[in-house]
Amino acid sequence: MKFNREEEENNFSITRYESMLRSNDVKFFDSDEFESIIHHYLENGKIAKAKKAISLGLSQHPSSVNLKLLQVEVLVFENRLDKADTLLAQLHAIEPENEEVYIQKANILSKQNNHIKAIELLNMALNHTDDSADIYSLIGMEYLFMDDFENAKVNFMRCLESDDQDYSSLYNIIYCFDFLEEHEEAIDYLNMFLNKNPYCEVAWHQIGKQYFDLKEYKKALTSFDFAIISDEYFIGAYLEKGKVLEKLKRYNEAIENYEITLELDDPTSFALLRIGKCHEKLGNDDLAIQHYSKTVHEDPLLDKGWIAITDFYMRKREYQKALYYTNKAINIDSENVLYWKRYAKINNKLAFFEEAERGYQKALELGNYEIETWLNRSDILRFLGEPNASIQNLYQAIEFYPDNAEVEFRLAGLYYEMHNYDKGEYHIRKALELDYEYHIVLEELFEKVFSLTLVKNIISEYN
């Protein structure tokens with residue numbers, strides 16, 4: 001009740017203040033009211049309104065340290081660090097034991113990447129406050145900025161000891177455990193926390209994710225069930241439970257959990273995609289494609305949705321439909337390498353070789369340097385009657401795969417076809433030294449070259 005009363009008073013102050021601005025009739029507000037008004041604007045990202053409220057507040061309460069500290073906060077946000085620093089020095093002289101002075105000074109140092117000094121000041125702030133939770137959280141963040149995950153973790157734990165409702169610190173603790181790959185330690189910590197807070201849905205959710213990472217799916221499932229018992233509207237728990245049920249091949253149950261999330265909130269592309277995947281596993285092709293279509297309608301930029309539709313039709317060998325959806329995806333995001341790889345593969349299947357070559361070239365331009373991309377493009381260029389381009393492509397591949405037998409055998413075959421026997425022999429010998437077994441590449445792709453007596457003689461030397 002007390003909280004509700006305070007909230008009503010704050011809302012009343014904000015309404016009265018904004019009414020004053022509209023009427024240009026200056027009214028008196030006490031400094032606490034101004035603080036509430038300024039905090040409201042800052043929390044909602046309305047910096048200009050916060051600055052105006054600070055100015056009016058200081059005109060009515062020129063000696064208010066708290067209002068000046070809020071002024072410092074805005075100056076730091078605007079990166080006017082020198083002015084903020086000067087004002088803080090004045091405030092420190094007035095109230096040397098005010099922890100907020102140390103916190104804001106630490107904030108300035110943090111912005112200047114002086115995280116060690118910022119931590120020193122935050123530790124000094126701890127000496128001047130009874131409410132240490134927020135300060136420990138700030139210290140933890142400073143350590144995170146320095147990639148010191150061990151010390152960050154310790155300070156977030158101290159924060160949570162002071163305030164067990166600070167779930168952002170709990171998430172940060174688990175983030176540190178994850179970065180340090182300490183999954184078992186994370187589980188021990190979460191179990192300890194749950195012993196004191198048995199109905200904390202966030203902790204149950206996080207321990208479930210740890211078990212999921214360790215592939216202990218039944219324990220993960222139990223954890224997510226407890227998270228749901230603690231909060232039946234916890235969407236994240238239903239989503240994670242669905243993922244576990246998929247791993248256990250309990251697809252109908254997984255669908256049920258994903259569908260609950262659609263009832264609790266607006267549909268998410270992730271849930272729709274997973275429902276589609278489950279229906280595909282169950283052989284419900286119509287329902288699968290229906291949900292994949294809903295996925296891309298909900299979020300056209302989600303590449304996993306377009307890929308799911310494309311791969312669905314590729315598995316069915318319905319390449320024209322697969323190509324249709326790949327083209328739609330490329331029209332939305334022409335820089336997505338995953339789309340171009342599929343575009344190339346599908347066109348290759350349809351014997352549209354020029355388009356396939358374009359797809360592989362585009363994939364390479366976008367940074368897809370997988371060996372298969374180089375090899376497929378080389379084979380298509382040769383088929384299109386462009387042996388020199390095929391050779392150039394293979395030499396580019398060598399920069400990334402300097403000791404690849406498949407590349408060398410193809411170079412050998414191409415040079416023999418062009419009657420450049422010296423280079424042909426050089427590359428076939430190099431290829432045989434790398435991996436004799438791959439001479440099957442010559443047999444399958446360069447049958448006439450493979451049948452040459454001089455080539456057979458060279459191969460026999462390495463048998």
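The values are calculated or read from the model by the stated rules, or taken from the named source; none is laboratory data. Predicted, not measured: the structure shown is a model, and the values here were computed from it. In this analysis, Cβ positions are derived from the backbone assuming ideal geometry, glycine residues included, and neighbour counts consider all displayed protein chains.
May I ask you to verify whether LEU70 is out of contact with any strand residue (DSSP E or B) (no Cβ under 9 Å at 6 or more places or on another chain), closer than 19 Å to CYS159 by Cα, assigned to a helix (DSSP H, G or I) and without any contact (Cβ under 8 Å) to a residue 40 or more places away in the chain?
No.
Being over 22 Å from TYR167 (Cα atoms) and of a type in the set (A, V, I, L, M) is the filter here, so list the residues in the range 201-248 that pass it.
LEU214, VAL244, LEU245, LEU248
Taking ASN24 as the residue in question, decide whether it is more than 23 Å from GLU97 (Cα to Cα) and over 43 Å from the mean Cα position of the chain (by Cα).
yes
Out of (1) more than 25 Å from the chain's Cα centre (by Cα); (2) surrounded by 20 or more Cβ atoms within 10 Å (Cβ to Cβ), the odd one out for SER137 is which?
For SER137, the failing item is (1).
Give me a count of the residues in the range 355-381 that are out of contact with any helix residue (DSSP H, G or I) (no Cβ under 8 Å at 6 or more places or on another chain) and either in a helix (DSSP H, G or I) or more than 23 Å from TYR438 (Cα to Cα) (or both).
Residues of the range 355-381 that are out of contact with any helix residue (DSSP H, G or I) (no Cβ under 8 Å at 6 or more places or on another chain), as a first pass: 365, 370, 372.
From the residues that got through so far, the ones that are either in a helix (DSSP H, G or I) or more than 23 Å from TYR438 (Cα to Cα) (or both) too are 365, 372.
The number of residues fulfilling the criteria is 2.
Check ILE458, ILE440, ILE391 and return the single one that is closer than 18 Å to TYR369 by Cα and out of contact with any strand residue (DSSP E or B) (no Cβ under 7 Å at 6 or more places or on another chain). Don't jump to the end; show me each part of the working.
Values: ILE458 fails: closer than 18 Å to TYR369 by Cα; ILE440 fails: closer than 18 Å to TYR369 by Cα.
Result: ILE391 is the single residue among ILE458, ILE440, ILE391 that is closer than 18 Å to TYR369 by Cα and out of contact with any strand residue (DSSP E or B) (no Cβ under 7 Å at 6 or more places or on another chain).
Among the residues of the range 406-422 satisfying the criterion of being surrounded by fewer than 23 Cβ atoms within 10 Å (Cβ to Cβ) and not charged (D, E, K, R), which is nearest to HIS439 (Cα to Cα)?
Per the stated criteria, the residue is TYR415.
Could you check the range 441-453 and list, in sequence order, the residues that are among the aliphatic types (A, V, I, L, M) and either in contact (Cβ under 8 Å) with a residue 40 or more places away in the chain or exposed (fewer than 12 other Cβ atoms within 10 Å of the Cβ) (or both)?
Passing the criteria: only LEU445.
Are any of the residues in the range 386-409 in a helix (DSSP H, G or I) and within 18 Å of THR453 (Cα to Cα)?
Yes, the range 386-409 contains a residue that is in a helix (DSSP H, G or I) and within 18 Å of THR453 (Cα to Cα).
Out of ASP225, ASP265, I need the residue that is over 26 Å from LEU138 (Cβ atoms), among the acidic types (Asp, Glu) and modelled with pLDDT of 95 or more. Which one? Give the derivation first.
Working: ASP265 fails: modelled with pLDDT of 95 or more.
Checking each option against the conditions leaves just ASP225.
Can you name the residue in the range 365-386 that is within 18 Å of GLU408 (Cβ to Cβ) and among the β-branched types (Val, Ile, Thr) and, of all such residues, is surrounded by the fewest Cβ atoms within 10 Å (Cβ to Cβ)?
In this case the residue turns out to be ILE371.
Name the residue that is nearest to the chain's Cα centre (by Cα), counting only residues in the range 387-400 that are under 15 Å from HIS419 (Cα atoms) and surrounded by 15 or more Cβ atoms within 10 Å (Cβ to Cβ).
ILE391
Give the residues of the range 262-284 that are part of a helix (DSSP H, G or I), under 16 Å from TYR251 (Cα atoms) and touching a residue at least 24 places away in the same chain (Cβ under 8 Å), sorted by residue number.
Those that are part of a helix (DSSP H, G or I), under 16 Å from TYR251 (Cα atoms) and touching a residue at least 24 places away in the same chain (Cβ under 8 Å): PHE270, ALA271, LEU272, LEU273, ARG274, GLY276, LYS277, CYS278, HIS279, GLU280, LYS281.
What about LYS105, is it without any contact (Cβ under 8 Å) to a residue 24 or more places away in the chain, assigned to a helix (DSSP H, G or I) and either hydroxyl-bearing (Ser, Thr, Tyr) or buried (at least 18 other Cβ atoms within 10 Å of the Cβ) (or both)?
Numbers: without any contact (Cβ under 8 Å) to a residue 24 or more places away in the chain: yes; assigned to a helix (DSSP H, G or I): yes; either hydroxyl-bearing (Ser, Thr, Tyr) or buried (at least 18 other Cβ atoms within 10 Å of the Cβ) (or both): yes.
Criteria met by LYS105.
Got at least one residue in the range 63-76 being surrounded by fewer than 19 Cβ atoms within 10 Å (Cβ to Cβ), of a type in the set (S, T, N, Q), more than 19 Å from LYS51 (Cβ to Cβ) and under 35 Å from the mean Cα position of the chain (by Cα)?
no
From the residues in the range 249-258 that are over 24 Å from the mean Cα position of the chain (by Cα) and either free of Cβ contacts under 8 Å to residues at least 24 places away in the same chain or assigned to a loop (DSSP other than H, G, I, E, B) (or both), which one is nearest to ASP231 (Cα to Cα)?
Among them, the one singled out is GLU256.
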